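Asks: Below you will find the structure I want to go over with you.
The values are calculated or read from the model by the stated rules, or taken from the named source; none is laboratory data. Every value quoted in this text rests on a predicted model; they were computed, and no experiment measured them. Here the Cβ is made from the backbone with ideal geometry for all residues, glycine too, and neighbour counts use every protein chain on show. For accessibility, only protein heavy atoms count, side chains too; no ligands or nucleic acids. Shrake-Rupley method; radii C 1.70, N 1.55, O 1.52, S 1.80 Å.
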Amino acid sequence: MYFVTCFKRLFRSPVFWLSVIGTAAICMFSELYVDPQGETKTVIEMFAQYSKKAMLADAKLCSYNAFVAGFRGWLTMFAPVIVSISAVGICIDERKSGMWRLTLHRTGRIRYSISGGLFILISGGLVLVLGSGVFAILTAVMFPPLSAYTAEDVSFFTGLMFRQGTGMYGIYKAGGLLLCIAVQLGETFFYGMVCSAAAMLLSVFCENKYVIICIPFFLKYALDQLSASLFIRAADDPSGYNEKLSNLAELIDPDAVNSFLNYPENQPQKILLINAGLVVILFILFCIIRIRRLKFENL
């Protein structure tokens, strides 16, 4: 089966495992803490400069908070490149080698196209979720667990979770931090799929894998800037804070899906539906265009 064969190639690819390791490494350089002198410390800096005993002075230095901090930093910038570099490379190499004609003869145009699109989407999610899983293990070793803190500190931290978003707080109350980590990894998997969707569609038109990888990066940067400008306009509205403009900025923020449960009211459902709809539309376009192109290229 072509779909299974693609993943066998993926798991044998050094680029895939380097992407997983790179994901964990990038998370290490996310901002975690602001010390009393006002200096911002990253995850790796806190581990290098403070002992676990010293970290017990502030519950924000618990292993769970260090894990969550990894998704707020550089990872969101480089995600479009990391998620697609291995899968797109495999698809383009297969195309250039001419092996796709033999595979197409066995599987047919429809199954070949659907399997190729799903492969790119799922592999994008796998890169981020495996890298984030490695990061979760590292933070569990490097930082003290929340249970090591006093009851007062734990109460303070859970209150902080509630203020940041009732969604993840509700998950914590229902199943504890392990369930929170599992849900965060699920969000990250979907985020990886969203980030790889544009590269999937571009792979139909272009055989230069570096162009395919870079264009989504610049598209995401443009959306980041648009979202940030809308937030600024919402805050600077002469009639007061513009809630509608702020909600619109949240909906078009490409990184919102990586923590959509922390958004208030019905925003999580809207963010999920918009991003899921985007992935489905791009996947359908990919399949339609690829099937038609294969029809003519295989004549």
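Asks: Quantify, in whole percent, the carbon and sulfur part of the accessible surface of the chain (1.4 Å probe; protein heavy atoms only).
Replies: C and S atoms contribute 67 percent here.
Asks: Then there's this: Rounded if a/c is under 1.5, else prolate if a/b beats b/c, else oblate: with a ≥ b ≥ c from the C-alpha gyration tensor eigenvalues square-rooted, which is segment 114-248?
Replies: Oblate is the answer for segment 114-248, as a/c is 1.5 or above yet b/c matches or exceeds a/b.
Asks: May I pose another question? Taking 2.2 N^0.38 Å as the expected size of a compact globular protein, what ratio does the Cα radius of gyration of segment 1-99 give against it, to two decimals?
Replies: Cα Rg divided by the expected 2.2 N^0.38 Å: 1.49.
Asks: Using the structure shown, select from Lys220/Lys270; Lys96/Lys295; Lys41/Lys173 the pairs with a Cα to Cα distance greater than 24 angstrom.
Replies: Over 24 Å apart, Cα to Cα: Lys41/Lys173.
Asks: Can you give me the accessible area per residue for the chain, using a 1.4 Å probe, in Å²? Working shown, then result.
Replies: Numbers: 14950 Å² over 299 residues.
In whole numbers, the chain has 50 Å² accessible per residue.
Asks: Of the GluC sites (Glu not before Pro) in segment 38-144, which ones lie in a loop per DSSP and count no more than 16 other C-beta atoms within 10 Å?
Replies: Of the GluC sites (Glu not before Pro), the ones in loops of segment 38-144 whose Cβ has at most 16 other Cβ atoms within 10 Å are Glu39.
Asks: Relative contact order for the chain: what is it in percent, counting Cα pairs under 8 Å that are at least 6 residues apart? The partial results should precede the final answer.
Replies: Working: 377 pairs, mean separation 66.7, N = 299.
It rounds to 22 percent for the chain.
Asks: If you don't mind, there's one more thing I want to ask. What number comes out for the charge environment of Ile271, summing +1 per Lys or Arg and -1 per Asp or Glu over other residues with Cβ under 9 Å away?
Replies: Around Ile271, the charge tally is -1.
Asks: Separate question: Determine by what factor the alpha-carbon radius of gyration of segment 170-249 differs from 2.2 N^0.38 Å, reporting the quotient.
Replies: 1.56
Asks: Given segment 57-196, report the % of alpha carbon pairs whose separation exceeds 26 Å.
Replies: Cα-Cα pairs of segment 57-196 separated by over 26 Å account for 40 percent.
Asks: Mind listing the long-range amide H neighbours of Tyr33? Cut-off is under 5 Å, sequence gap 5 or more, other chains count too, H placed in the peptide plane at 1.01 Å from N.
Replies: Residues meeting the amide H criterion: Lys41.
Asks: Which ³J(HN,Hα) values in Hz, rounded to whole numbers, follow from the phi angles of segment 76-91 under the Karplus curve 6.51 cos²θ - 1.76 cosθ + 1.60, where θ = phi - 60° and Gly and Pro get x?
Replies: For segment 76-91, the Karplus-derived couplings read 5, 6, 9, 3, x, 7, 4, 6, 10, 4, 7, 5, 4, x, 5, 5 Hz, x marking Gly and Pro.
Asks: Can you order the peptides 236-245, 47-56 by their average number of other Cβ atoms within 10 Å per residue, highest first? If you can, show how the numbers build up before the last one.
Replies: Values: 236-245: 10.4, 47-56: 14.1.
Going by the mean number of other Cβ atoms within 10 Å, highest first, we get 47-56, 236-245.
Asks: Once the Cα gyration tensor of segment 59-102 is found, what semi-axes does its equivalent ellipsoid get, as square roots of 5 times the eigenvalues, in whole Å, sorted largest first?
Replies: Here the semi-axes work out to 39, 10, 5 Å.
Asks: Can you tell me the Rg and the Dmax, both Å, for the Cα atoms in segment 241-299?
Replies: Spelled out, the Cα radius of gyration and Dmax of segment 241-299 are 17.1, 60 Å.
Asks: Quote to one decimal, in nm, the extra length available between Asp58 and Phe296 on full extension: 0.36 nm per residue of separation minus the C-alpha distance between them.
Replies: 79.3 nm
Asks: Which aspartates and glutamates have a Cα less than 20 Å from the Cα of Lys8, not counting those fewer than 8 places away in the same chain?
Replies: Within reach: Asp93, Glu94.
Asks: Residues with amide H under 5 Å of Asp237's amide H, sequence separation 5 or more or different chain, H placed in the peptide plane at 1.01 Å from N; which?
Replies: Asn242
Asks: Here's something else I'd like to know. Per 10 Å bin, what percent of the C-alpha pairs of the chain does each bin hold, from zero upward?
Replies: 6, 25, 30, 23, 12, 4, 1, 0
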